[in-house]
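Data first, discussion second: the structure below is written as structure tokens.
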Amino acid sequence: MLRPLISRAILFLFIILVSGFLFCVSPVVSEVSVTTLIDTVGMTHDSSTITQGYGNPYVNGSSQLFRDSTMTNGGALTLSKAVSAGGKNYENGLVDTQKILSYDAATTGSHLTASEYTITTTARGSSDNSTPLCTLASGDSASSSSNRSFSASASLDVITANTLQLASRTRISPEDLQYSVSANTSSPAGNYSSPAIVATSFNYGSGTASDMNMASDRSKVSGLFDLFNRVYHGGTSATIQAQTGGSGMVNSRTIAEHTYDSRNTTGQTEWTGTAVYTSTLLTNGGNLEETRSITADKTTSSQRLISYNANGSTSMQTDERMVAVKQVRDGVNTSTDPSCVFGGSTATVNGTTASYQSVSASSQVMGVDSAEIESFGHMDIGSGNNGTAPVIVHYKADITSPVEFDASILQKMTDPNNDGKYEDLNGNGKLDMQDLVLLFRNFDWLSKGNISSRFDYNNNGRVDFADLTLAFRDIQK
């Protein structure tokens with residue numbers, strides 16, 4: 001039996017292994033380490049759960065959780081996993097895991113499902129009382145900067161993979177989470193493999209009574225991907241790095257949000273506001289190469305590179321947005337009456353004019369069959385000590401769509417006879433020879449984009465040269 005942990009610490013370890021395995025438990029002081037090795041053909045189930053913590057995680061304490069599971073109904077699986085937890089100082093307890101996995105169903109028709117989930121939560125109070133901290137409250141009960149809450153989590157799900165190469169690493173401790181995963185779902189040369197689904201998520205929140213920073217990332221791919229990398233770090237700030245390369249469906253969304261700063265001095269309150277950044281990417285197939293990176297603390301930065309080429313009738317859409325709002329509420333005697341952040345420069349609180357600033361930037365690419373995108377964003381709400389620092393936003397996006405596509409068509413085209421089809425591409429209100437020329441020059445994109453049905457003039461379910469012929473005949477009429 002392992003030596004009991006100190007009274008304010010919890011450590012729980014549960015291992016299930018089916019098929020051939022080797023594991024060892026090595027207690028050192030109050031530490032536990034487990035090594036798992038599996039190399040087998042057949043049905044397999046391996047899972048681990050680790051929890052540890054101290055104090056009350058809702059008042060003045062911390063808790064960490066890691067769990068994972070791997071299941072197969074056949075095929076060849078090789079798994080190497082090392083898990084360690086504990087430490088001499090439980091206020092700085094660490095959970096550290098490393099995993100390398102290889103799976104191939106070959107011709108058995110089998111598949112693999114796998115999952116990982118990790119979370120760490122911490123509350124830092126100025127005292128050991130039993131009252132839960134409310135980090136977003138105002139007033140003396142929560143005004144101390146030593147009252148702090150922290151939470152970070154990351155997860156991975158792999159569904160119905162016929163082939164998979166995966167490596168992951170998890171390190172969690174109070175007020176810090178590091179998670180990375182690299183996966184390859186493409187089949188070996190010459191072997192058939194059905195598309196696998198790989199999904200990851202990341203959530204981060206850290207704040208005091210006067211400041212709250214949050215970030216999140218969601219990624220889901222379905223297909224054969226040579227490259228799927230995610231690196232998440234939540235500590236003093238949040239960092240998200242992602243790389244995706246391969247063929248298949250992609251749905252990803254990243255959000256970075258900073259709420260406000262609140263300061264009470266000599267009976268007056270200052271409210272300093274909000275910075276939001278979002279990016280989304282959607283494809284229904286095609287070949288994608290994407291790299292993106294964001295550091296989401298009080299100064300938000302983002303870099304993104306996208307290269308996309310359609311496969312048949314597939315397309316891509318993506319958007320990126322930045323918003324920065326700043327307020328200054330001098331002369332307000334109560335924190336219960338903040339003015340609306342979108343109130344404009346003339347907004348008042350208790351008869352006192354409230355300063356206000358707002359900046360917005362965005363880019364959108366919709367329904368293209370090929371594109372090259374390079375973007376960079378920088379945002380600083382500039383709260384400063386007195387709330388008078390300027391709002392700073394830098395955003396640049398270079399977007400290259402196919403040279404044969406005239407993007408102005410999307411803004412000009414109309415439907416003169418209200419039949420649901422776009423006949424007037426140059427926007428002059430009638431069908432003429434110039435419309436036919438624009439249709440011919442941009443035919444490849446218009447026939448594959450997500451609005452292609454609006455150019456199917458003969459209603460045969462596709463856009464083809466018969467539609468060009470019909471348009472030409474209508475012009476002659």
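Here, each number is a calculation from the coordinates, and none is a lab measurement. A quick note: this is a predicted structure, and the numbers were derived from the prediction, not measured. When we count neighbours, we look across all protein chains shown, and the Cβ atoms used for this are built from the backbone with ideal geometry, even at glycine.
Tabulated results
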item	result
Residue-span extension gain [ASP398 to THR299] - 0.36 nm each, minus C-alpha spacing	33.4 nm
Two-site label geometry, ASN460 and MET43: point separation in nm, points 7 Å out along Cα→Cβ	5.2
Gain in span if fully extended, SER313 to ASN56, counting 0.36 nm per residue against the direct Cα distance	87.0 nm
Spin-label model distance (nm) - GLU372 vs ARG218, 7 Å beyond Cα toward Cβ	3.2
Region 409-476: radius of gyration over Cα atoms, expressed as a fraction of 2.2 N^0.38 Å	0.96
Projected label distance in nm at ILE159 and ILE451, using a 7 Å step from Cα toward the beta-carbon	3.2
Chain lengthening between LYS430 and GLN98 when straightened (0.36 nm per residue, less Cα-Cα)	113.0 nm
